[in-house]
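The values are calculated or read from the model by the stated rules, or taken from the named source; none is laboratory data. These numbers come from a predicted model, not from an experiment. For neighbour counting, all protein chains shown are included, and Cβ atoms are generated from backbone atoms with ideal geometry for every residue, glycine included.
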Amino acid sequence: MRAHPEGAAVYHLRTSTFHDTPVDRAVVATMRLSQGSNAVAQQTLARIRQSWLDVLNEQIADPAVAEAVLLMGDGLYFAAASTGPYGRPPDNIDALVEVAQRLVDARF
């Protein structure tokens, strides 16, 4: 994420997809365990998300925008994972990346 030429936000959104790989299946299984109050799964997911948020915060000045980008990625992954092994990125991923980039670039 840190080294991606377009920045961490773009990398995070473009990779928030489900391809039914072993890693994807492990993430979904961990999410299900977490929902069942498995403390280890909850801690694992919290560490993963925090590591992503840390990188986003390094490159995005506004912490709320960094969290919004993180949550956009969560939504993209959930939508793709919910469709099973045939999930794919939404047709409008470029538009979503542009929205995120506008948020990142905004000066409030």
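Pairing residues of region 54-73 that are surrounded by 15 or more Cβ atoms within 10 Å (Cβ to Cβ) with residues that are polar (S, T, N, Q) and at pLDDT 95 or above, at Cβ distances under 6 Å and at least 6 apart in sequence or on separate chains, gives Ala66/Asn57. When each of Gln59, Gln50, Gln101, Gln42 is tested for being modelled with pLDDT of 90 or more and touching a Ser or Thr at 6+ places or on another chain (Cβ under 6 Å), the lone residue that passes is Gln42.
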